[in-house]
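Q: Just dropping this structure here.
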Amino acid sequence: MRTVRTVAELREALAPARRDGATIGLVPTMGALHAGHLSLIEAARAGTDVVVVSLFVNPTQFAPDEDLDAYPRDEAGDARAAEGAGADVLFAPSVAEVYPDGFATTVRVAGVSDPLEGARRPGHFDGVATVVTKLLNMVQPDVAYFGRKDAQQLAVIRRLVADLNLPVRIEGCPTVREPDGLAMSSRNAYLAPEDRPRALALSRALEAAREAVAAGTTDAAAVAAAARVPMDELGVEPEYLAVVDPETFQPVTAVDRDVLVAVAARVGRARLIDNATIRPDGSVP
Ligand code: AMP
């Protein structure tokens, strides 16, 4: 695996593949790689000829009061893990390489960026949409791989790619979980040992929602109320717990088609998110 830090080096590293007509896969990450990230790299390895992993903690998607400075960073460990999972190129640019002096453009996806995470983290999805647009233009991959763990981010990116006719296929990959159900996240590192059991509130809420639908509940408010029960039991207050349309993230009133149940909560020092798509029969696609 080759590590490159500038767009010029990246283009040079990818030129032979592009000339030979090899397909290029991109896995954008902010590093602190865990098994969730590695599953995306493995999917890219299986689906494309040349795998690029980007490692960039994007400052524009953090609000001033968020964890940009504290965000876990371990480039050497990430390089070993990415190579082990099959990456060919690690693109680890500096902030100045991505946002040089005079940078003035923001990509904003209206609508799907606004509710839930967007309402809680104003400007977050503008930062995501802008950096993903830039990464797609820098790497020019055939396929880009994203986790369904960040379902609203994935919906924003699908909208962006469709609206701007970006010539890339977006693959959404399943959420990788700890054995007890906790969705893997770089931010799980913030969980103190005494907080760790309560972090299960989110995945248990999703499971309760699924069981309610499987038992015949169709009213979205009743599904949300069922999901709330394990959170209350564990003493975790959701920032939001919503039953929404999986593409627009607008609230739905009934589970009469596939819906997405999305939840966010603070557990100790960690802000956690999770989600599940639920079919009207209570199954999970
Ligand atoms: P991040 O480094 O948090 O920006 O995440 C980089 C990519 O990994 C995003 O597409 C995430 O959705 C994805 N990802 C993060 N956690 C998981 C997980 N537990 N399972 C699958 N994909 C994940």
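The values are calculated or read from the model by the stated rules, or taken from the named source; none is laboratory data. As the structure is a computational prediction, the values presented were derived from the model and not from experiment. Cβ: placed from backbone, ideal geometry, glycine included. Neighbour counts: every protein chain shown. We work out accessible area using only protein heavy atoms, side chains counted, and drop any ligands, DNA or RNA first. Shrake-Rupley method; radii C 1.70, N 1.55, O 1.52, S 1.80 Å.
Q: Among the residues of region 23-40, is there at least one that is away from the ligand (no atom under 15 Å from the Cβ) and either modelled with pLDDT of 95 or more or over 22 Å from the mean Cα position of the chain (by Cα) (or both)?
A: Among the residues of region 23-40, at least one is away from the ligand (no atom under 15 Å from the Cβ) and either modelled with pLDDT of 95 or more or over 22 Å from the mean Cα position of the chain (by Cα) (or both), which makes the answer yes.
Q: Ok, one more. Hey, can you tell me all the residues within region 41-63 that are within 13 Å of the ligand (Cβ to nearest atom) and of a type in the set (Asp, Glu)?
A: Glu42, the sole residue that qualifies.
Q: I would also like to ask the following. Being part of a loop (DSSP other than H, G, I, E, B) and either β-branched (Val, Ile, Thr) or closer than 23 Å to Glu178 by Cα (or both) is true for just one of Pro72, Pro28. Which residue is that?
A: Pro72
Q: Consider Leu234 carefully, then state whether it is within 30 Å of Val27 (Cα to Cα) and more than 14 Å from the ligand (Cβ to nearest atom).
A: When the stated conditions are applied, Leu234 does not pass them.
Q: If you scan region 79-103, which residues turn out to be of a type outside the set (Lys, Arg) and either at pLDDT below 95 or farther than 22 Å from Ile157 by Cβ (or both)? Can you show your working first?
A: Going through region 79-103, the residues of a type outside the set (Lys, Arg) turn out to be 79, 81-103.
Scanning region 79-103 gives Ala79, Ala81, Glu83, Gly84, Gly86, Asp88, Ser94, Ala96, Pro100, Asp101, Gly102.
Q: Give the residue, chosen from Val89, Val112, that is open to solvent by less than 20 Å² (accessible area, probe 1.4 Å), more than 14 Å from the chain's Cα centre (by Cα), touching a residue at least 60 places away in the same chain (Cβ under 8 Å) and closer than 23 Å to Ala32 by Cα.
A: Val89
For every residue, the table says whether it meets (1) part of a loop (DSSP other than H, G, I, E, B); (2) within 15 Å of the ligand (Cβ to nearest atom).
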{"position": "Ala192", "(1), (2)": "yes, no"}
{"position": "Ser203", "(1), (2)": "no, yes"}
{"position": "Leu206", "(1), (2)": "no, yes"}
{"position": "Ala242", "(1), (2)": "no, no"}
{"position": "Ala264", "(1), (2)": "no, yes"}
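Q: Still on this structure: Please enumerate the residues belonging to region 37-52 that are open to solvent by less than 30 Å² (accessible area, probe 1.4 Å) and either among the aliphatic types (A, V, I, L, M) or in contact with a helix residue (DSSP H, G or I) (Cβ under 6 Å, 6 or more places away or on another chain) (or both).
A: Leu40, Ile41, Ala44, Val50, Val51, Val52 - these are the residues of region 37-52 that are open to solvent by less than 30 Å² (accessible area, probe 1.4 Å) and either among the aliphatic types (A, V, I, L, M) or in contact with a helix residue (DSSP H, G or I) (Cβ under 6 Å, 6 or more places away or on another chain) (or both).
Q: Next question. Return only the number of the condition from (1) surrounded by fewer than 17 Cβ atoms within 10 Å (Cβ to Cβ); (2) closer than 30 Å to Ala144 by Cβ that Ala192 does not satisfy.
A: (2)
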